[in-house]
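Here is the structure we will look at, set down as structure tokens.
The values are calculated or read from the model by the stated rules, or taken from the named source; none is laboratory data. These figures come from a predicted structure and were not determined experimentally. Here the Cβ positions follow ideal geometry from the backbone for every residue, glycine too, while neighbour counts run over all protein chains shown. SASA here: full protein model, heavy atoms, side chains in, ligands and nucleic acids out. Shrake-Rupley method; radii C 1.70, N 1.55, O 1.52, S 1.80 Å.
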Amino acid sequence: MGCIFCNITEKKIPAKIIYEDDLVIAFEDVNPQAPVHTLVIPKKHISTNLELKKEDNGLLGHMFQVANRIAKDKGIAERGFRLVMNCNPESGQTVFHIHLHILGGRHMHWPPG
Ligand code: AMP
């Protein structure tokens, strides 16, 4: 089957894509944990943040810029929102293609569960 997020990037499986450029794609999480739950992923396959190389520094910055723009567009930037990237199973990572969760629209708890 390959990587599910590569399949979304390549439009082999459907997703509610809300933003796309040469480097990244953003789509709505299929199992939202908050009123806003959008994922920003690189088009390039990187399995976890531990695999990031120095050459990916710009890509990571771009992912955050895109996430900020989406948070502003969805009206959660001023209220507050959370950006999460899980790494490896104990964190809860289930899809091994890095993704930034944008979570917002409700009060977030700390520490996270
Ligand atoms: P993580 O647990 O950090 O690896 O997050 C993976 C996220 O991907 C979860 O929030 C899932 O609900 C979401 N997800 C898995 N498959 C899809 C899909 N086909 N379309 C959209 N979101 C997905």
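General observations
- Residue list for region 1-10, restricted to those being farther than 17 Å from GLN93 by Cα and either touching a strand residue (DSSP E or B) at 6+ places or on another chain (Cβ under 9 Å) or within 11 Å of the ligand (Cβ to nearest atom) (or both): ASN7, ILE8, THR9
- For beta carbons closer than 8 Å, sequence separation of 6+ or different chains, a first residue in region 55-75 that is within 13 Å of LYS44 (Cβ to Cβ) and a second that is modelled with pLDDT of 95 or more and part of a helix (DSSP H, G or I), there are no qualifying pairs.
- Filter pass, LYS16 being in contact with a helix residue (DSSP H, G or I) (Cβ under 8 Å, 6 or more places away or on another chain) and modelled with pLDDT of 95 or more: no
- Considering only residues in region 16-25 that are more than 12 Å from the ligand (Cβ to nearest atom) and in a strand (DSSP E or B), the one that is farthest from HIS45 (Cα to Cα) turns out to be TYR19.
- If you go through region 35-44 and keep only what is in contact (Cβ under 8 Å) with a residue 40 or more places away in the chain and open to solvent by less than 90 Å² (accessible area, probe 1.4 Å), you end up with VAL36, HIS37, THR38, LEU39, VAL40, ILE41, PRO42.
- First in region 91-113 and of a type in the set (Phe, Trp, Tyr), second anywhere and surrounded by fewer than 17 Cβ atoms within 10 Å (Cβ to Cβ), Cβ under 7 Å, 6 or more apart: PHE96/SER47; PHE96/THR48
- Candidates ILE13, ILE41, filtered to the one that is within 16 Å of the ligand (Cβ to nearest atom) and touching a Phe, Trp or Tyr at 6+ places or on another chain (Cβ under 6 Å): ILE41
- Selection count where residues are part of a loop (DSSP other than H, G, I, E, B) and exposed (fewer than 14 other Cβ atoms within 10 Å of the Cβ), scope region 45-57: 1
- Residues being of a type outside the set (D, E, K, R), within 16 Å of the ligand (Cβ to nearest atom) and either more than 16 Å from PRO42 (Cα to Cα) or out of contact with any helix residue (DSSP H, G or I) (no Cβ under 9 Å at 6 or more places or on another chain) (or both) - total across region 102-113: 6
- Residues (over 25 Å from HIS107 (Cα atoms) and open to solvent by 80 Å² or more (accessible area, probe 1.4 Å)) located in region 1-34: MET1, ILE4, GLU10, LYS11, LYS12, PRO14, ASP22, LEU23
- Of all residues making up region 58-87, the number that are open to solvent by 50 Å² or more (accessible area, probe 1.4 Å) and near the ligand (Cβ under 10 Å from one of its atoms): 1
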